[in-house]
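Right, one structure below, let's go through it.
Only the coordinates and a few stated rules stand behind these numbers; no lab work does. Treat the numbers as computed from the prediction; the structure is a model and nothing was measured. Neighbour counts are summed over all protein chains in view; Cβ atoms, including those assigned to glycine, are modelled from backbone coordinates with ideal geometry.
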Amino acid sequence: MTTTTDVIAIEKDHLLQVYRRGPVVFDRGRGCRLFDTNGRSYLDLISGVGVAALGHAHPRLAAAVGAQAQELLHTSNLFFHPLQGELAARLSSLSGLPRAFFCNSGTEAVEASLKFARRYWRSQSQPTRTGYVALEHAFHGRTMGSLSVTWDDHYRAPFAPLVPGVTFVPADDPAALRAAVTEGTAALIVEPIQGEGGVRPLGADMAAAISEVCARTGALLIADEVQCGLGRTGRPFYSEVLGLKPDIMAIGKSLGAGVPIAAALFTDRVAASASFGDHGSTYGGNLLACRGALVFLEELVDGGLMAHVAKVGAHMEARLRDLATRHAYIRAIRGAGLMWGIDLDRPAAPILEAALGQGLLVNRTAETVIRLLPPYIITAAEVDEAIGLLDAALHAAFGGPRT
């Protein structure tokens, strides 16, 4: 029998060492719970970093993926198949953006977004309009283009020089944004709620400035909704909450509920600049991925899951704000729906180990923030259980009251 020690040892010998993993091996899941190779249960409040929106081993998703595997997995984009158009139409209805390009991950969706922002201006006979403006604390991915608009030097420095022409401005400084976005800017890229940067929703003043500068200069707006979109906040996309109207939108993570798929969505105006051969993906939008995404969207929209996220998300917010009143080192609770950050006045790393000991999976980001991205199917009772476990983990890590 392969042990946890065996798994860790073989990875150490053969995998590129770019992940700092927790010392646990998961081999099955059900709903909002994961089980390790020793049979211990963990309540999952990270869902594969916002991916497992339908939880683990969702019956409809498992049946659909299994059935599709029995029929046809992949044909390449050299030919038509019946699911890409159906999925694109559903995404168009949900987002108001009529064109989709399918790929495999959020970083690829951002990469496509950046490429087609430049392609648009070249089609408008403005080939020198190539600059990008991004926000401080932004995280848009790890490929060379998406990394270039990612702010944290921890991610950037080992791979410099990156794509030139990127300007970063504070995410709470409308005046700095107005000065940075000019007639030389191809696109402004923003996360309506910053994820890796610490679960930071954009403020209303900044959102208004974004709309203003794009209207004034013509700069395209790219909304990176990879983490906060597709119902995660109880709304289809958080851009609409802020009154933003993107020209291009990057989506991913929850779209396949665990099956790798992402997309860049476009207005007709931007899409009209594309020509055959401008971009491509071998795996993007294959039948298996599209089938998983269609099941997710059916559950989200037709099955009432988005309304559930809004309701249970409000319950989670109330429980988190109550938790904050009992621990003085909690500086802020930020987020919406089922996307929350608990900002501490100290490094949050000790909480990960303490929570794991309690049978709870959480994540740390931006050094001091405990990030919670539970499956959309989580119940109010499971939220209550999770807050109790988190309270115990806080007490174990830092002391203080425990209820």
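Per-residue ellipticity at 222 nm from helix content only, as computed over the chain with -39500 (n - 2.57) for each DSSP H run of at least four residues, stands at -12000 deg cm²/dmol. Each part reduced to its alpha carbon centroid, segment 237-304 and segment 85-124 end up 7 Å apart. In summary, segment 72-302 shows an alpha-carbon radius of gyration equal to 0.96 times the 2.2 N^0.38 Å reference for compact globular proteins. Springs between alpha-carbon pairs under 10 angstrom, Gaussian network model over the chain: which of Ser47, Ser281, Ser239 fluctuates most? Of the options given, Ser281 has the highest mean-square fluctuation.
Across the chain, Cα pairs under 8 Å and at least six residues apart give a relative contact order of 20 percent.
Expressed per residue, the C-alpha convex hull volume of the chain stands at 149 Å³.
With the simple model of a label 7 Å out from the Cα in the direction of the Cβ, Ser275 to Leu72 spans 3.1 nm. Here the simple spin-label model places points 7 Å from the Cα toward Cβ, and for Arg216 and Arg346 these points are separated by 4.5 nm. For a straight C-alpha distance cut-off of 29 angstrom, the lysines reachable from Lys311 (same-chain residues fewer than eight places away being disregarded) are Lys245, Lys253. In the chain, the longest principal axis of the Cα atoms and the axis of helix 82-95 are about 90 degrees apart.
Its Cα gyration tensor gives segment 1-107 an equivalent ellipsoid, and the semi-axes of that ellipsoid, as √(5λ) in whole Å with the largest first, are 33, 18, 16. For segment 334-363, backbone nitrogen atoms closer than 20 Å to the point 7 Å from Arg28 Cα along Cα-to-C-beta are found at 359-361.
How charged is the neighbourhood of Arg99? Take every other residue with its Cβ under 12 Å from the Cβ of Arg99, and add Lys/Arg as +1 and Asp/Glu as -1. Overall, the nearby charge balance is -1.
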